[in-house]
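Participant: Here you go, one structure.
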Amino acid sequence: MAALLPTGRGADIWFAGLRLPNVLQNLLGEGTLSASFIPIYALLLEEGREEEAGRFAGAILGILVVVAYGGALLGVLAAPWLAVIVAQGPGWILTRLGAEAAVWTPAEIELLARVLRILFPMTATLVVSAWALGVLNSHRRFFLSYVAPVVWNLAIIGAAGWALGSFGAVEGASAIEAAEGPLTGLAVGALIGGVLQLLVQLPAVLSLLGGLRVSLGRGVEGVREAIRNFGPVVLARGVVNLSALLDVALAAALAGGAISLLSRAQMLYLLPISLFGMAVAASELPELSRAGPGGGGERVVARRVRDALRAVLRWLIPSTVAYLVFGDLLIAALLERGGWGPDDSRAAGWVLAAYAVGLSASGSSRTLTSAFYALRDTRTPARIAILRVGVSLVVGAALMFPFDGIAVGPDGGWLEAGATGSGAAGGALGAGGADAAGSLGIGGPADVAAGSGVAAGSGVAAGIRLGAVGLALGAAVGAWLEFVLLRRALGRRIGAHGPGGANVVRLLVAGGVAGLAAAVVRSPLAEALSPLSDRPSIAVWGGDHLLLGGVLLLIFGAVWVGALRVLGGGRTGRGEADDRTEPESDREANQRTDGRPAEGTDGRPAEGTAERTDEETEP
């Protein structure tokens, strides 16, 4: 993908085209279903009411199909206007306020509209796929539900490979004309991938449901409650989606390439959140729902939340340190192909580092939110999410223009940029270049200044501006605010539930030691591996970046594991350190299958089971 669409307006079109239809998926997909569908469905299964659960699942599917594909149809019809609003709306406002903003050409806007028309049906299909994922998770079938999205990604990768081999230089073609075929091919590949992702899950889902009874929910038990829970979550996710769209719109007003820098950095930023934060939250939600109201009590919820937070932080803290220390190298190893060069990697590395500041908070908040959903409380996380979005936007908007005055120059140098805005003359694709064929005319090397979306005469001879860093820092501030507020609100409901102060300190110290080791050996290791990276068998896959990144990751991981063992946190299971602090009576109560505390002979809770003992260590 990076070889096909390096930093520039062409990549901006692709990522903006993905982000706009993604509103449907975020409003109706996995996050919303986690709040409204899974808790009720899982509880019906726990009570042995499989037939009612099947009718409930069919009713939710019918409602989702009508709403999702209806929304997709509206998106297809409104695509030209949506493209204009995202591409030119913020720029128009900033121009009226006397600021200078980037300019999108009519051809770029038309190409964005074409991509949107293809991707809206894709997102509606992914909404239905999220329903299938919810069914599988509720039946504890986690493998298939999280392998299925790989099919979608493979379809996009296949489309990118086909586009690289099928579209070459077209004599006399402009950069935007050279980009039309590849972008259209990618969009079609994404649509096909969405359909395949759903089809992969359907056989298992139909088997679990014993057939599919699709309806619109009239008289079906649980539908009314699901819709009632649905409202606050949709409102909150609507605000979150508005924030995402405003991020795109604000980035569109920065120098060309800001949207693609945000999106490429988000790719790595979201990886550990998806693998660990969202995966743990998704697997815990059915269990938390069984232990929530009517299923065992808040005490068991608190224990499961504590263990889940420990499991999540065990992976997110080292991921944060790795991104801060050598995130640019990881990006270079993955993306430095074709028109994506060292400056792009360094700029994206800074954006990734800014996002990484909020990584642990963002990933942990998924588990906290799932706990509220299990307790049938969708309003509290919704209100907090709205506040988080507002703070993120305010902080990001305040920081983006100061950071846009800084650019990553050749060979890692720094340049002070002039006023923001590429202007139409800055390269129609934020890339332009005299050689439209260079990487499909998107980010060709003939004109580095144009390739970074910097306007001629802006005072930057070459370089990529860092306005996206400001937006990423705004997201990090908002993530920590959300985490703190969720912890406080949940603590009032279920009591102590944190991962424990001593546990967090061990993870931070181990991460610091591993990060320091990686930083110290990076330069000498690069020199030592340089002769090997020139070999054709290695160079074709990324050369020194891939080799150095792989070895550095191994060193970082080995030091991390060793430091944890030395510090006494080497076990990988959940609930570590509990055996040393939890009273025997608590341990017995927590191990009861029904989740209720042990009872004395008089039917009341046995002495010693009323309180947890984590208050001394909980941060």
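The values are calculated or read from the model by the stated rules, or taken from the named source; none is laboratory data. What you see is a predicted model, and the numbers here were worked out from it, not measured in a lab. Please note: Cβ atoms are built from the backbone with ideal geometry, for glycine as well, and neighbour counts cover all protein chains shown. Just so you know, the surface numbers come from the protein's heavy atoms only, side chains and all, with ligands and any DNA or RNA stripped out. Shrake-Rupley method; radii C 1.70, N 1.55, O 1.52, S 1.80 Å.
Participant: Which residue pairs have Cβ atoms under 8 Å apart, sit 6 or more places apart or on different chains, and have a first residue in the range 139-165 that is on the phi > 0 side of the Ramachandran plot and a second that is open to solvent by less than 60 Å² (accessible area, probe 1.4 Å) and in a helix (DSSP H, G or I)?
Facilitator: Filtered contacts from the range 139-165: ARG140/PRO286.
Participant: Yes or no: VAL205 under 22 Å from SER145 (Cβ atoms), at pLDDT 85 or above and among the β-branched types (Val, Ile, Thr)? Don't jump to the end; show me each part of the working.
Facilitator: Details: under 22 Å from SER145 (Cβ atoms): yes; at pLDDT 85 or above: yes; among the β-branched types (Val, Ile, Thr): yes.
So VAL205 passes the test.
Participant: Answer yes or no: is there a residue in the range 386-406 that is farther than 23 Å from ALA252 by Cβ, in contact with a Pro (Cβ under 7 Å, 6 or more places away or on another chain), hydrophobic (A, V, I, L, M, F, W, C) and at pLDDT 75 or above. Show your work before the answer.
Facilitator: Quick first cut of the range 386-406, residues farther than 23 Å from ALA252 by Cβ only: 386-387.
Still in the running and in contact with a Pro (Cβ under 7 Å, 6 or more places away or on another chain): none.
The answer is no; no qualifying residue exists.
Participant: Please name all residue pairs, on different chains or six or more residues apart, with Cβ atoms under 8 Å, provided the first residue is in the range 10-28 and is free of Cβ contacts under 8 Å to residues at least 60 places away in the same chain and the second residue is open to solvent by less than 30 Å² (accessible area, probe 1.4 Å) and in a helix (DSSP H, G or I).
Facilitator: Taking only residues 6 or more apart or on different chains, not a single pair turns up.
For every residue, the table says whether it meets (1) out of contact with any His (no Cβ under 8 Å at 6 or more places or on another chain); (2) not aliphatic (A, V, I, L, M).
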position	(1), (2)
ALA308	yes, no
VAL321	yes, no
GLU336	no, yes
GLY341	yes, yes
ARG346	yes, yes
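Participant: Just checking, how many residues over the range 360-374 are touching a Pro at 6+ places or on another chain (Cβ under 7 Å) and open to solvent by less than 10 Å² (accessible area, probe 1.4 Å)? Show your work before the answer.
Facilitator: So in the range 360-374, the residues touching a Pro at 6+ places or on another chain (Cβ under 7 Å) come out as 363, 369, 372-374.
Those left that are additionally open to solvent by less than 10 Å² (accessible area, probe 1.4 Å): 363, 372, 374.
So the answer is 3.
Participant: From the set of residues in the range 306-327 that are aromatic (Phe, Trp, Tyr) and free of Cβ contacts under 8 Å to residues at least 60 places away in the same chain, which is farthest from ASN503 (Cα to Cα)? Spell out the reasoning first.
Facilitator: Step one: of the range 306-327, the residues aromatic (Phe, Trp, Tyr) are 315, 323, 326.
Next cut, free of Cβ contacts under 8 Å to residues at least 60 places away in the same chain only: 315, 323.
Working: TRP315: 13, TYR323: 21 Å.
The residue in question is TYR323.
Participant: So in the range 326-359, with the set limited to residues that are β-branched (Val, Ile, Thr) and buried (at least 22 other Cβ atoms within 10 Å of the Cβ), which one is modelled with the lowest pLDDT? So that I can check it myself, show each step before the final result.
Facilitator: The first filter runs over the range 326-359 and keeps only residues β-branched (Val, Ile, Thr), leaving 331, 351, 357.
Checking the rest, the ones that are also buried (at least 22 other Cβ atoms within 10 Å of the Cβ) come to 331, 351.
Numbers: ILE331: 89, VAL351: 93.
In this case the residue turns out to be ILE331.
Participant: Sticking with this structure for a sec: Taking the range 478-493 as the search range and keeping residues that are surrounded by fewer than 21 Cβ atoms within 10 Å (Cβ to Cβ) and in contact with a helix residue (DSSP H, G or I) (Cβ under 7 Å, 6 or more places away or on another chain), which one is nearest to TYR355 (Cα to Cα)?
Facilitator: At the first step, the residues of the range 478-493 found to be surrounded by fewer than 21 Cβ atoms within 10 Å (Cβ to Cβ) are 480-481, 483-485, 487-489, 491-493.
Those left that are additionally in contact with a helix residue (DSSP H, G or I) (Cβ under 7 Å, 6 or more places away or on another chain): 480-481, 483, 485, 487, 489, 493.
On the way: TRP480: 11, LEU481: 14, PHE483: 15, LEU485: 20, ARG487: 21, ALA489: 25, ARG493: 30 Å.
It comes out as TRP480.
Participant: For TRP131, indicate whether it is aromatic (Phe, Trp, Tyr) and under 30 Å from LEU288 (Cα atoms). Full working, then the answer.
Facilitator: Working: aromatic (Phe, Trp, Tyr): yes; under 30 Å from LEU288 (Cα atoms): yes.
In short, yes.
Participant: Right, next: Scan GLY222, GLY172, GLY217, GLY181 and give me the residue that is open to solvent by 40 Å² or more (accessible area, probe 1.4 Å) and at pLDDT below 85.
Facilitator: Details: GLY222 fails: open to solvent by 40 Å² or more (accessible area, probe 1.4 Å); GLY217 fails: open to solvent by 40 Å² or more (accessible area, probe 1.4 Å); GLY181 fails: open to solvent by 40 Å² or more (accessible area, probe 1.4 Å).
Within the list GLY222, GLY172, GLY217, GLY181, the selection yields GLY172.
Participant: Filter the range 1-37 down to residues that are assigned to a helix (DSSP H, G or I), β-branched (Val, Ile, Thr) and open to solvent by less than 10 Å² (accessible area, probe 1.4 Å) and give me whichever is modelled with the highest pLDDT. Don't jump to the end; show me each part of the working.
Facilitator: So in the range 1-37, the residues assigned to a helix (DSSP H, G or I) come out as 9-19, 22-28, 30-36.
Next cut, β-branched (Val, Ile, Thr) only: 13, 23, 32.
The next check asks that each one be open to solvent by less than 10 Å² (accessible area, probe 1.4 Å); those that pass are 13, 32.
Numbers: ILE13: 81, THR32: 69.
Taking the candidates together, the pick is ILE13.
Participant: Among the residues of the range 264-292, what is the count of those that are more than 17 Å from VAL135 (Cβ to Cβ), surrounded by fewer than 24 Cβ atoms within 10 Å (Cβ to Cβ) and of a type in the set (Ser, Thr, Tyr)?
Facilitator: So the count comes out to 1.
Participant: A further question on this structure: Just give me the residues in the range 351-397 being more than 20 Å from the chain's Cα centre (by Cα) and either under 20 Å from SER263 (Cα atoms) or β-branched (Val, Ile, Thr) (or both), in sequence order.
Facilitator: Scanning the range 351-397 gives THR378, THR380, VAL394, ALA397.
Participant: Has the range 527-544 got at least one residue that is modelled with pLDDT under 90, over 19 Å from LEU309 (Cα atoms) and within 27 Å of the chain's Cα centre (by Cα)? Before you say what the answer is, go through the steps one by one.
Facilitator: So the first thing to find is which residues in the range 527-544 are modelled with pLDDT under 90, and the list is 527-544.
Among the residues that remain, those that are also over 19 Å from LEU309 (Cα atoms) are: 527-544.
Filter once more, keeping what is within 27 Å of the chain's Cα centre (by Cα): 541-542.
Checked against the condition, which is being modelled with pLDDT under 90, over 19 Å from LEU309 (Cα atoms) and within 27 Å of the chain's Cα centre (by Cα), the range 527-544 yields at least one hit.
Participant: Is it true that some residue in the range 346-356 is of a type in the set (D, E, K, R), in contact (Cβ under 8 Å) with a residue 60 or more places away in the chain, assigned to a helix (DSSP H, G or I) and in contact with a Pro (Cβ under 6 Å, 6 or more places away or on another chain)?
Facilitator: Kept after step one, since they are of a type in the set (D, E, K, R), are these residues of the range 346-356: 346.
Then keep just the ones that are in contact (Cβ under 8 Å) with a residue 60 or more places away in the chain; that gives 346.
Narrowing further to those that are assigned to a helix (DSSP H, G or I): 346.
Restricting the remaining residues to those that are in contact with a Pro (Cβ under 6 Å, 6 or more places away or on another chain) gives none.
Scanning the range 346-356, I find no residue that is of a type in the set (D, E, K, R), in contact (Cβ under 8 Å) with a residue 60 or more places away in the chain, assigned to a helix (DSSP H, G or I) and in contact with a Pro (Cβ under 6 Å, 6 or more places away or on another chain), so the answer is no.
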